[in-house]
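The values are calculated or read from the model by the stated rules, or taken from the named source; none is laboratory data. Model, not experiment: these values are computed from the prediction. Note: ideal-geometry Cβ built from the backbone for every residue, glycine included; neighbour counts use all protein chains shown. What goes into the accessible areas is simple: the full protein's heavy atoms, side chains included, and nothing from ligands, DNA or RNA. Shrake-Rupley method; radii C 1.70, N 1.55, O 1.52, S 1.80 Å.
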Amino acid sequence: MSEVPGLLKKLMEYEKSDFYPFHMPGHKRQFKNSFAKSFPNPFSIDITEIDGFDNLHHPEEILKKSMEWAAKIYISHKTYYLVNGSSCGILSAISGTVSRGGTILMSRNCHKSAYHGVLLNDLKVKYVYPQLIGEFGLQGGLLPEKIEELLISHPQIEAVLVVSPTYDGVVSDIQAIAEIVHRYHLPLIVDEAHGAHFSFGKKAGFPVSALESGADIVIHSVHKTLPSFTQTALMHVREGYVDMGKLDRYVHIYQSSSPSYVMMAGIENCIQYMSEEGLKEMTAFYDRIKGVRRRLSDMKGLKIFTGQEKGEYGVYDVDCSKIIISTKRTGLSGAELDERLRKEYHLEMEMCGPDYVTAITTLADTQEGLERLCEALLEIDSDISLKEKNDNGEELLSEEYIDIGSGMTIAQAMDSPREKVLVSESAGRISAEFVYVYPPGIPISAPGEVLEKKIIDLIMRYKKLGLPVQGMEDEKAEYLYVVKVIESNNEWEMMNKRKTKQ
Ligand SMILES: Cc1ncc(COP(=O)(O)O)c(C=O)c1O
């Protein structure tokens, strides 16, 4: 018999090590903390839809009650427990609000699950682009007026989907966006995957939640910023602009037919904790993070994104729990800082960009963990080499997207006859694959888009910087599938014949 690769053993060894997580899940493996202390061994409560325990796909009893209770806490008309992550909520929201082949207005910095929703429903997309915060090479917020311009020029749009906060904690003016979208009698979907804690943290100083700001469908990854198991998420819906029945049909398509009771109980446990003890903890957490930010405020090379940009670049508010450490003024790249933190200090970050590193902090973080992060950054900063001159405009491209559509939808481009070319030789071709750095999983290029030379240069640069460029079938990201150029009518016929046979 072949040897067991040993995933469980590896996880258990890791748990015993001194590696500290500045990444999700939000419980930070603090199993002795009060949110986890009374949670039993998962084996002991892992059941299926037996008598007395309801059915998530036809909730009438305990699960219905539990979700109604959650809706009251979050102040929504209906709340769904999701066991397939926010991805499943985003897919449901898109399928439930836009007709097949219809048009959606989406922010270009959406997560790949939104693009998958577009693909599966063969939608056409109009993009609204986030502003750029040049100094950090980060995406800023969305300008409400840009959304209105698009709604005026494209009356066929059926729903609007925006991401707020971004992976980096930038919050857009959702209230203003909701007012505009509702003026056109459309639903506003907000991917607030990274903001599940907002509803419990307003008094402490965290941003106002999208639900409170008037959004119609709000999706939360409770596992990202709250103490809940990986994959657990919520979808909240407000009545008015959403066809509740249609949305409901899709949630049941995208959710597993065997939803885990461990996860569902984990969601309930998390919400209960957050609405009681956690609510008070949010203030203490906010103060701890402010303390971290103060300590890191005058490093000579590394720089913390403080959110001073509020009011500019579409930034309405900033979630201070996301700590973005910019390396732009230094000789280090984001990937190099990430590696130093891991190798020398045993601190695991959430992600790194070309010139920054992101640490996710939550109320479950220990003072000792935060202290270790401060010490490590101050030490690295003390002997860091500085860049002689500031970045040139070329580097600003790092978060810039170029909207060159080919006229093909994502679905058409993905399903078209295609051919494999070297990424370095793909300029001018129409992409048939997604290309993104994961995390954050925001496409640098989506199928159907023309691969501009600038985009190719960006992909090559990200690869050179050691960032995880993914999405293409070629795992080494050297080759990319592009839409095949059909030379003659004859070739078209051959292709179509082959397709019909398949
Ligand atoms: C902005 C955003 N939306 C949605 C998702 C998908 O969330 P989940 O992993 O819960 O499916 C992610 C995941 O990282 C994300 O960053």
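Taking the Cα centre of the stretch 255-354 as the origin, how large is its charge dipole in debye, to the nearest 20, when only Lys and Arg (+1) and Asp and Glu (-1) carry charge on their Cβ atoms?
Values: 15 positive and 16 negative charges, 122 e Å.
Rounded to the nearest 20 debye, it is 580 debye.
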Task: Amide H within-cut-off set for Glu348, under 5 Å, with H built and near neighbours excluded - done: Tyr20, Phe22
TODO: Any chance you could look up the accessible area of Asp173 with a 1.4 Å probe, heavy atoms only, rounded to 10 Å²?
DONE: 40
TODO: Starting at the first residue of the stretch 86-99, write each ³J(HN,Hα) from the Karplus equation 6.51 cos²θ - 1.76 cosθ + 1.60 with θ = phi - 60°, in whole Hz, x for Gly and Pro.
DONE: 4, 3, 5, x, 5, 4, 5, 4, 5, 5, x, 10, 10, 6
TODO: Can you send over the solvent-accessible area of Lys453, 1.4 Å probe, protein chains only, in Å² to the nearest 10?
DONE: 120
Task: Cα lying deepest toward the dipole's positive end in the stretch 17-127, options Ser34, Ser107, His77, charges on Cβ - done: Ser107
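Taking all protein chains in place and a 1.4 Å probe, what share, in percent, of the accessible surface of the chain do carbon and sulfur account for? Mind showing how you got there, number by number?
Details: 11840 of 22810 Å².
C and S fraction of accessible area: 52 percent.
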- [ ] Name the residues whose placed amide hydrogens come within less than 5 Å of the amide hydrogen of His197, ignoring near sequence neighbours (fewer than 5 apart) on the same chain.
- [x] none
TODO: Using the charge dipole of the chain (Lys, Arg: +1 at Cβ; Asp, Glu: -1 at Cβ; taken about the Cα centre), state which of Tyr20, Tyr345, Tyr261 has its Cα farthest towards the positive end.
DONE: Tyr261
Task: Positive-pole candidate from His58, Pro5, Val125, dipole of the chain, charges at beta carbon - done: Pro5
Task: Value at 222 nm in deg cm²/dmol, rounded to 500, when DSSP H runs of n ≥ 4 in the chain each add -39,500 (n - 2.57) - done: -11000 deg cm²/dmol
Task: Placed amide H near Lys484: partners under 5 Å, 5+ positions off or other chain - done: Arg418, Glu419
Open item on the list: Could you give each residue of the stretch 173-179 its phi-based ³J(HN,Hα) in whole Hz, using Karplus coefficients 6.51, -1.76, 1.60 with θ = phi - 60°, and x for Gly or Pro?
Closed with: 7, 5, 4, 5, 5, 4, 4
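Could you size up the charge dipole of the chain around its Cα centre, putting +1 on the beta carbon of Lys and Arg and -1 on that of Asp and Glu, and report it in debye to the nearest 20?
Working: 56 positive and 72 negative charges, 40 e Å.
That gives a dipole near 200 debye.
Which value, in debye to the nearest 20, gives the size of the charge dipole of the stretch 49-166 about its Cα centre, when Lys and Arg are +1 and Asp and Glu are -1 at the Cβ?
300
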Task: Listed peptides 26-33, 140-147 by packing density, highest first (mean Cβ within 10 Å) - done: 140-147, 26-33
Task: trypsin sites (Lys or Arg not before Pro) within the stretch 283-336, DSSP loop, no more than 13 other Cβ atoms inside 10 Å - done: Lys300
Task: Residue-by-residue Karplus 3J(HN,Hα) for the stretch 293-305, coefficients 6.51, -1.76, 1.60, Hz, glycine and proline x - done: 5, 5, 5, 9, 6, 10, 6, 7, x, 5, 9, 8, 6
